[in-house]
């Protein structure tokens, strides 16, 4: 769903503060933006309604949770006359170590991002869970050696 939500200068300043630290109290943002706390509350509510802001959550550290291997896996799917793409997607969704799944164009049908405790755990996930799905005919795994950076989209 496309939105034509217009962000003005104040909205962008509010978002800059929230992206930096989503737990910043609205009163503190209001003080920095030289407006009332109610104005911040109303603007944030409007941006939530306009689908500019979605959710608010703590960002977990995979390494802090013991997940030291990050990999991206390209998946080729060959549907049978009795299976659908959604059924395969829903089977992938049941694997908790998979944190992202994208429908893509090109050589693969799906691209997933997976976190595992180590390479042996990754191998078990690939062989026992992913490749055991009958419609999956081929996978190619790319192990991330190090994340160069991660960021939010710029608010321009």
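Values quoted throughout were computed directly from the atomic coordinates according to the rules given, and no laboratory measurement underlies them. Since the model is a prediction, treat every value here as computed from it, not as a measurement.
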Worksheet entry | Scattering profile of segment 63-144 at q = 0.21, 0.27 Å⁻¹ [log10 I(q)/I(0), Debye over alpha-carbon scatterers] | -0.93, -1.47
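If the viscosity is 0.890 mPa s and the temperature 25 °C, what translational diffusion coefficient in µm²/s does Stokes-Einstein give for segment 1-113 when Rh comes from Kirkwood over Cα pairs? Provide the component values of the computation, followed by the final result.
Details: Rh = 17.8 Å.
Estimated via Stokes-Einstein, D reaches 138 µm²/s.
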Worksheet item: In whole angstrom, how far apart do the alpha carbon centroids of segment 19-33 and segment 105-156 sit?
Response: 36 Å
Worksheet item: Is the shape of segment 9-49 rounded, prolate or oblate, going by the alpha carbon gyration tensor and its root eigenvalues a ≥ b ≥ c, with a/c under 1.5 for rounded and a/b larger than b/c for prolate?
Response: rounded
Worksheet item: Relative to the longest principal axis of the chain, what angle (0 to 90°, nearest 10) does the C-alpha long axis of helix 9-20 take?
Response: 50 degrees
